[in-house]
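**Student:** Here it is: the structure, laid out below.
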Amino acid sequence: MSEMQQAGQGSVALSTDRLMPSVQRIGNRDIEITFLGKNSSGMPTWIMWNASEPHLIGLLSQGRMGYNLEQSTSYGVFLHENISLSRVQRALGG
């Protein structure tokens, strides 16, 4: 049975089934989200890909006070620290 972390209706839902990708509609994009397990700090970590073409969107990890998102964009990499899941959704264009 999968566990999900979800901020609310219509928002990002994060599965904790290791290496089992799920596709979610965020804004106008389909994003594949895969739980990788815990990082070296012991925090849950997910990787996000564009579902329609092999393009890395970012790396998401849960921190002590929120989520950390390393987002890959055409302008470079942006780091969002200690943000909510709803802010993650806005950063991804939703």
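The values are calculated or read from the model by the stated rules, or taken from the named source; none is laboratory data. Just so you know, these numbers come straight off a predicted model, no measurement behind them. Ideal geometry is used to build each Cβ from the backbone, glycine not excepted, and the neighbour counts take in all protein chains shown. Accessible surface is based on the protein model in full, side chains and every heavy atom, while ligands, DNA and RNA are left aside. Shrake-Rupley method; radii C 1.70, N 1.55, O 1.52, S 1.80 Å.
**Student:** Between beta-carbons, use under 13 Å as the cut-off and find the net charge around G66, counting Lys and Arg +1, Asp and Glu -1.
**Tutor:** +1
**Student:** So I have (i) 17, 56, 27, 1; (ii) 15, 45, 31, 9, 0; (iii) 18, 45, 24, 12, 2, and one of them is P(r) over Cα pairs in 10 Å bins from 0, in percent calculated from this model. Which one is it?
**Tutor:** (i)
**Student:** Please work out how much length the chain gains when fully extended from S41 to L19, using 0.36 nm per residue of separation minus the C-alpha to C-alpha distance, in nm with one decimal.
**Tutor:** Length gained between S41 and L19: 6.0 nm.
**Student:** Could you tell me what percent of the accessible area of the chain is made up of carbon and sulfur, with a 1.4 Å probe and every protein chain present?
**Tutor:** About 49 percent, which is the carbon plus sulfur part of the accessible surface.
**Student:** Could I ask something else about it? Starting from the 7 Å offset along Cα-to-Cβ, what nm value, one decimal, do you get for the label separation of M65 and L79?
**Tutor:** That separation, rounded to one decimal, is 1.5 nm.
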